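One structure is given below, encoded as structure tokens.
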Ligand SMILES: [Zn+2]
Ligand SMILES: [Zn+2]
């Protein structure tokens, strides 16, 4: 389900801002998340935290997996199916940088 409206204002209740260390994370409803300017299709997984650093996890809808924006690591391991549409195309790191 995609929202058709384009959210640009932080006063909008769909926009969720999370400040974690140096990272500025902004979630736009259930459509996209901006992590320090890098836009990911998915949403902030409120209530799910990284066991290593306690950061709030983000769900990447494209690769069907959660990741930690601080550790820059996928939370779910890739499955063993080499033909899997999700895991086969998943990059080693969820974010391109600057942490990668
Ligand atoms: Zn972490
Ligand atoms: Zn898979």
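What to note about this one:
- Measure of compaction for the chain (Cα Rg per 2.2 N^0.38 Å): 1.07
- Once both labels are positioned 7 Å from their Cα atoms along Cα-to-Cβ, the gap between residue 73 and residue 49 label points is 1.7 nm.
Quick note: the coordinates plus some simple rules give every number you see, no bench work behind them. On a predicted model such as this, the values are computed, not experimentally measured, just so you know. Ideal geometry is used to build each Cβ from the backbone, glycine not excepted, and the neighbour counts take in all protein chains shown.
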